[in-house]
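Step one of this worksheet: look at the structure below.
The values are calculated or read from the model by the stated rules, or taken from the named source; none is laboratory data. None of the values given here were measured: they were computed from a predicted structure. In this analysis, Cβ positions are derived from the backbone assuming ideal geometry, glycine residues included, and neighbour counts consider all displayed protein chains. Note: accessible area is taken over every heavy atom of the protein model, side chains too, but ligands, DNA and RNA are not part of it. Shrake-Rupley method; radii C 1.70, N 1.55, O 1.52, S 1.80 Å.
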Amino acid sequence: MMPNCHEAHRQVIESYDRKLPLGKRIALRLHLLACDACTNFARQMKLLRYAMRHIDR
Ligand SMILES: [Zn+2]
């Protein structure tokens, strides 16, 4: 039920491109609450996506 870190990373990336099903979103959120590494990864991905969107122009 709980994704491991590899799964969590993949789902973080996926969640930026499309909406994840509710069950997956909850499992991912629970993992992020328990896992600092994935929380940092999610934060960095967010910054990166933000930067990439604004570099294009
Ligand atoms: Zn993790």
Query raised in the report: On average, how much accessible surface per residue is there in the chain, in Å², for a 1.4 Å probe, leaving out ligands, DNA and RNA?
Result: 80
Report task. Using 0.36 nm per residue of separation minus the Cα-Cα distance, give me the extension gain between Cys5 and Met45 in nm, one decimal. Result -> 12.9 nm
**Report entry** Förster radius 22 Å - calculated FRET efficiency between Ile13 and His54, Cβ distance, rounded to 0.05
**Finding:** 0.70
Query raised in the report: Sorted by mean Cβ packing within 10 Å, highest first, what order do the peptides 15-25, 36-46 take?
Result: 36-46, 15-25
Report summary line: Going residue by residue through segment 6-13, the Karplus relation 6.51 cos²θ - 1.76 cosθ + 1.60 with θ = phi - 60° gives ³J(HN,Hα) values, rounded to whole Hz and with x marking Gly or Pro, of 4, 4, 4, 4, 4, 6, 4, 4
